[in-house]
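Nothing in this text is a laboratory measurement; each read-out follows from the coordinates by a stated rule. All figures in this text were calculated on a predicted structure; none of them were measured in a lab. Positions of Cβ are backbone-derived with ideal geometry, glycine not excepted, and every protein chain shown enters the neighbour counts.
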Amino acid sequence: MTPVVCESDPAGVKIEPASGGHDMTRHTFRAASTMRLAATLAGAVLLALLQLSCATTGPAQGTPMPAARASLRPEYRVFYDELQDYGDWVLIEPYGFVFRPRTRFGTWSPYFDGFWSPSDSYGWIWVSGEPFGWATYHYGAWINDSYEGWVWVPGLDWAPAWVAWAGNQSYVGWAALTPSGNPAGRFIVVPVAEMGTTDLRSHVLSQDRAVSVLRDSKPIENFAEVDHTIVNRGPSIDWVEQVAGPLTRARLEDVNPRPDLGRSTTSGPAVADERPAVTPERRGIPSPTEFRKAAESEAAKTRTIMQQKQPAPEVIPRILLTDAPARPASPAAAPRPQPAKPDTVR
């Protein structure tokens, strides 16, 4: 008799009626059922073993990584970890996930809540009173999106500030740079004599006044290569001092370096007056909580200096991501400064 294949049996077990009648058939079915049960148990054991292997050798089990963090390049995830308390990560193509700080939407702009401090090697260094400023004003670039407002695109090259400069004999202005190196929005303008003050916000010109005084301005392109990064050092400090008087030159002090990002050590020669030796305690990797505490502490000190109109500090702390690649790939690359366009003030 032709064998019959039980279609419900995934193993394709063949059942042949025998001359012994129904008893033999039931016996055969029982054998097949036993085989299926054994196969099911074996599969369950194998699956359990595979899951155990993934738990011990693969990624840690538990809460899935947030989509924004998972979408960032691994070397950018430090920014997600340290900035998530101060804003949201939103998706804007072609840049991917970018950081939108929780600020006054529509009236806030970058490079406003802080002051400039002069230095010999880097020119003018932006000192921020915002806890996210250690990242957003010294790494990456900005976009003024029509829907999301101001958002920050991560980058890994440190600079004293990523801004375009413009000015004339009486006024100086600066504007955040886009990833392509163009001004991202309006220029913030102050009199030259106030460039060295720590209560800089109180001297910022109104928007209409800024447009008027910058009509005869020219781009300030004081480019220099520092630690393999091209930066715009801004207006000549000596020129500003002719109007503002003597200014104390600041030096940088690295705090909480992160040696866990997989960067090769190619940061160039150290600057004697601004690059101190990294002490053993600075080589430790701080937890996100410790990292944020350090950033918030420095921002609070800066706000106190601004509110009390104290002199600019002689030492400026810098959180340097020493182990990140020297040149991030486009589009989230370090902005390449282009000639400033003061007529775009708005």
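Note the full-extension length gain between Tyr147 and Thr107 as 0.36 nm times their separation in residues minus their Cα-Cα distance, in nm to one decimal.
Once the chain is fully extended between Tyr147 and Thr107, it gains 13.0 nm.
Please report the net charge: other residues with Cβ closer than 13 Å to the Cβ of Gly149, K and R +1, D and E -1. Let's see the in-between values first.
Details: positive: Arg100, Arg102, Arg104; negative: Asp88, Asp145, Glu148.
Overall, the nearby charge balance is 0.
Which GluC sites (Glu not before Pro) from segment 177-235 combine a DSSP loop assignment with at most 15 other Cβ atoms within 10 Å?
Numbers: sites: Glu194, Glu221, Glu225; in loops: Glu221.
Qualifying residues, ordered by number: Glu221.
Within segment 98-132, which residues have the backbone N less than 19 Å from the label spot 7 Å out from His203 along Cα→beta-carbon, could you tell me?
111-120, 123-129
With each pseudo-label sitting 7 Å past Cα toward Cβ, what's the Glu290-Met65 distance in nm, one decimal?
About 2.3 nm separates the two model spin labels.
Starting at the first residue of segment 120-134, write each ³J(HN,Hα) from the Karplus equation 6.51 cos²θ - 1.76 cosθ + 1.60 with θ = phi - 60°, in whole Hz, x for Gly and Pro.
5, 8, 9, x, 8, 9, 7, 10, 9, x, 10, x, 8, x, 4
Can you tell me the convex hull volume per residue for segment 114-269, based on C-alpha atoms, in Å³ to the nearest whole number? All intermediate terms of the calculation are to be shown ahead of the outcome.
On the way: hull volume 20.9 nm³, N = 156.
Output value, Cα hull per residue: 134 Å³.
Multiply the residue gap between Glu93 and Asp216 by 0.36 nm, knock off their C-alpha separation, and tell me the result in nm, one decimal place. Before the final figure, lay out the partial values.
Values: separation 123, 0.36 × 123 = 44.28 nm, distance 3.60 nm.
Going from the current span to full extension adds 40.7 nm.
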